[in-house]
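Here, each number is a calculation from the coordinates, and none is a lab measurement. The structure displayed is predicted, hence computed values, not measured ones. So basically every Cβ, Gly included, is an ideal-geometry build from the backbone, and we count neighbours across all protein chains shown.
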Amino acid sequence: MNATHGPTMELSLSVNGRAVSAGVEPRLHLADFLREELNLTGTHLGCEHGVCGACTLLVDGEPVRSCITFAGACGGADVTTIEGLDDDEIAIELRAAFNREHALQCGFCTPGILVSARDLVLRLREPDDRRIRLGLSGNLCRCTGYVGVVEAVRSVIAARRERGIAAIVAGSQRGLGPVGARMGSGFAALGVAQTATSHILPTAAKVAAPFTPTDRFDQTFIVRRPPAEVFAAFARVGEIADCIPGAVIDGEPGPNRVEGGIRVRFGPISPVFRGAAFIERDEERFSGRIIGAGADAGERSTMQGEIRYRVVDGDEPATARVELQIGYALKGPLAQFGRPGLVRNLASRISAEFARNLEDRLAGRSSEGASQPINLPSLVINSYRVRFTRWIKRLLASSKL
């Protein structure tokens, strides 16, 4: 092993079916560990920013950008590089198809593309060009033009489905994009909570514990239904979740606790903030409190939040005004979207859609919008558009003085 130059942590994991233990610096990336310490140079380094996909490999069976994944975060994980796929049935079929369809030229990007393509072969039910291109959108190639790559992947999927080899349903429901290890022993050394599942579910103590909000703000919206009817609906957690854009519920919600998440879209990537929340209700005052915590397993971002709500009479007869007090704290890579202006914009849009969906449900009408993920880039663009419009108006007003 090469000498290290700072504090080290013990790392134990499986690489291509072989147990590996080493002392590594917490800042060492998985790609560098594999290339420099284990001489597995089939994992290529391109942009080193998680964009080009050349470094893609498998961690616990799922594609990962190893250039932005800390080796120390993969303790207890099962890592498979392109070298570990030499005898893999799907990889063998893909290599033959890539040769047949002229799907490689210089070959620098090919290891990462093969790993991503193998994942698509496993989970796509049918050879769909659009979904193949979407699934490979995180792997950049400067040579082929992608036509041969898509043809190769399509042919392997079609051949396997014709032979009666079905897609893995659990895999087909997983969102596209880079993911992380399943929070093994390496995270314990880094002081991060462990979980045995593929996503992070905070403990009851963590959800209920006090926290210091990054920001607080108030929000109100109108529902054109009587207040008693609206407040009663808030007790039916499953129905309420169906009205929230991007919301998902895991299992049957209890009267005071619910587990689930919110889907968020970043271009082709659609991660889910998953977690748990506790619910309190005051039947006499038509008020309640929801406090929760969640995280996105792929991006390693965490969020804690508290919502206090009250349902009162609206300005018009048979309408309800829902008054919200919201506090939140967002940490990790996605904290860049936690600026107060963006969060308030997000809350305003969710509230408007929620009110519309809730009205439809209470009136017995169907609603299509609740299942759609929240598109954060569009919120950012909209926020800057609003700021730019205000700036132009101020500029024009000052020019008239």
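May I ask you to order 142-155, 123-136 by the average number of other C-beta atoms within 10 Å around their residues, highest value first?
Values: 142-155: 18.7, 123-136: 16.3.
The packing order, highest mean first, is 142-155, 123-136.
Given the Cα-Cα distance of ALA318 and VAL51 and 0.36 nm per residue of separation, how much length would full extension add, in nm?
Working: separation 267, 0.36 × 267 = 96.12 nm, distance 5.22 nm.
My answer for the length gained is 90.9 nm.
From the phi of every residue in segment 226-233, what ³J(HN,Hα) in whole Hz does the Karplus formula 6.51 cos²θ - 1.76 cosθ + 1.60 yield, where θ is phi - 60° and glycine or proline is x?
Result, ordered by residue: x, x, 4, 5, 5, 5, 4, 5 Hz.
From the mean inverse distance of alpha carbon pairs (Kirkwood) and the Cα radius of gyration, derive Rg over Rh for segment 9-172. Let's see the in-between values first.
Details: Rg = 15.7 Å, Rh = 16.1 Å.
Dividing the radius of gyration by the Kirkwood radius yields 0.98.
How high is the FRET efficiency from ASP87 to LYS331, r the C-beta distance, R0 56 Å, rounded to 0.05?
Values: r = 42 Å, r/R0 = 0.75.
So the FRET efficiency works out to roughly 0.85.
Using amide H atoms built in the peptide plane, which far-off residues or other-chain residues are under 5 Å from ALA247 H to H?
When sequence neighbours closer than 5 places are left aside, the close amide H contacts are ARG263.
Where does each of 278-288, 46-56, 229-239 land if you order them by average Cβ count within 10 Å, highest first?
Details: 278-288: 14.3, 46-56: 19.0, 229-239: 16.3.
Ranked from most to least packed, the peptides come out as 46-56, 229-239, 278-288.
So how strong a dipole does segment 9-172 carry about its Cα centre when Lys and Arg Cβ are +1 and Asp and Glu Cβ are -1, to the nearest 20 debye?
On the way: 17 positive and 22 negative charges, 130 e Å.
Computed charge dipole of segment 9-172: roughly 620 debye.
Would you mind checking which residues have amide H under 5 Å from ASP313's amide H? H placed 1.01 Å from N; only 5 or more apart, or other chain.
So ASP313 has HN proximity to ARG321.
What are the ³J(HN,Hα) values, in whole Hz, obtained from phi via the Karplus relation 6.51 cos²θ - 1.76 cosθ + 1.60 with θ = phi - 60°, for each residue of segment 80-97 in sequence order, with x given for Gly and Pro?
Whole-Hz 3J(HN,Hα) from phi for segment 80-97: 10, 9, 4, 5, x, 9, 4, 9, 6, 4, 5, 4, 5, 5, 5, 4, 5, 5.
Residue by residue through segment 33-43, which ³J(HN,Hα) values in whole Hz follow from phi under the Karplus form 6.51 cos²θ - 1.76 cosθ + 1.60 (θ = phi - 60°), with glycine and proline marked x?
Taking θ as phi minus 60°, the curve returns 4, 5, 6, 8, 9, 10, 6, 9, 8, x, 7 Hz for segment 33-43.
Going highest first, how would you order 31-40, 306-315 by mean Cβ packing within 10 Å? Each step should come with its number before you reach the end.
On the way: 31-40: 19.0, 306-315: 16.5.
Sorting 31-40, 306-315 by mean packing, highest first, produces 31-40, 306-315.
Return the long-range amide H neighbours of ILE279 (sequence gap of 5 or more, or a different chain), with a cut-off of under 5 Å between placed amide H atoms.
Those qualifying (amide H under 5 Å, at least 5 residues apart or on another chain) are ARG257.
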